[in-house]
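Provided herewith is a single structure, encoded as structure tokens, for subsequent inquiry.
What follows draws every value from the coordinates through simple rules; no lab data is involved. Because the structure is predicted, anything quoted here is derived from the model rather than measured. Glycine also receives a Cβ, built like all others from the backbone with ideal geometry; neighbour counts cover every protein chain displayed.
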Ligand code: S3P
């Protein structure tokens, strides 16, 4: 029997639905929920957009790194992460200490549909062709999401309920919960 880790960590591209799916899994399995971006925003009293604007991406990445160290000390959480969490090996190392990593894979088209009118993502704001940028960033990051995850669920054609149900099913099937 696999040793159960206490947290479930959702990784995946921005706008794929990590927070919505995570909240639902938390309800289904009676776990607590946190979102790394929301925690960082609370700690700074600023939106992610404003942190990027005022201090730059590298400062945000530092905050993200520090928060991953803290998150690893938690138990019994569903943790939704920012899409760039995989840019630093240390983040994943920390999150893996007490977490099962689940990659929510999603097609570029679905991501685009989810966030085309959303201006809260600084890396996509102002792009002439948002879909093209999503495609190229996704291509660059996909190998990292896959490499770091314990398993992957492709939620491209699933609604929220089904995504949460499928993640739960796989977690049970592989003995993660
Ligand atoms: C980022 C994703 C965002 C947020 C920041 C950077 C990224 O989180 O952390 O804008 O690099 O992919 P979501 O994945 O929740 O949108």
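Work out, step by step, the length gained on full extension between residue 109 and residue 88: first 0.36 nm times the residue separation, then minus their alpha carbon distance; give nm to one decimal.
5.0 nm
Using 7 Å Cα-to-Cβ label points, what is the residue 133/residue 69 separation (nm, one decimal)?
3.1
Counting only C-alpha contacts under 8 Å and six or more residues apart, can you give the relative contact order of the chain as a whole percent? List each step's numbers first, then the result.
Details: 259 pairs, mean separation 61.2, N = 177.
The normalised contact order for the chain reaches 35 percent.
Let me ask something else. Could you tell me how many degrees, from 0 to 90 and to the nearest 10, lie between the Cα long axis of helix 18-28 and the main elongation axis, the longest principal axis, of the Cα atoms of the chain?
Between helix and principal axis, roughly 30 degrees.
Give me the extension gain from residue 96 to residue 57: residue separation times 0.36 nm, minus the current Cα-Cα distance, reported in nm with one decimal.
Gain in length upon complete extension: 11.7 nm.
Here's a follow-up. Under Stokes-Einstein, with the Kirkwood radius over Cα pairs standing in for Rh, what whole-number D in µm²/s applies to the chain at 37 °C and 0.692 mPa s?
Result for D is 201 µm²/s.
I want to check the label-to-label distance for residue 156 and residue 29. Put each point 7 Å from Cα in the C-beta direction and report it in nm to one decimal.
Placing both labels 7 Å along Cα→Cβ, they lie 2.5 nm apart.
Rounded to the nearest 500 deg cm²/dmol, what is the calculated helix-only ellipticity per residue at 222 nm for the chain, with -39500 (n - 2.57) per DSSP H run of length n ≥ 4?
Rounded to the nearest 500, the figure is -16000 deg cm²/dmol.
Taking the simple approach of a point 7 Å from Cα along Cα-to-Cβ for both residue 123 and residue 140, what is their distance in nm?
The modelled label-to-label distance comes out at 0.7 nm.
Now a separate question. What whole-number distance in Å separates the alpha-carbon centres of the range 21-42 and the range 68-89?
The distance from the Cα centre of the range 21-42 to that of the range 68-89 comes to 11 Å.
For residue 42 and residue 169 in one chain, what is 0.36 nm times their gap in residues minus the Cα-Cα distance, to one decimal in nm? Don't skip to the end; give the middle numbers.
Values: separation 127, 0.36 × 127 = 45.72 nm, distance 3.23 nm.
So the extension gain works out to 42.5 nm.
Same structure again: What order do you get for 141-147, 62-68 when each peptide is scored by the mean count of other beta carbon atoms within 10 Å, highest first?
On the way: 141-147: 15.0, 62-68: 18.4.
So the order, starting with the most tightly packed, is 62-68, 141-147.
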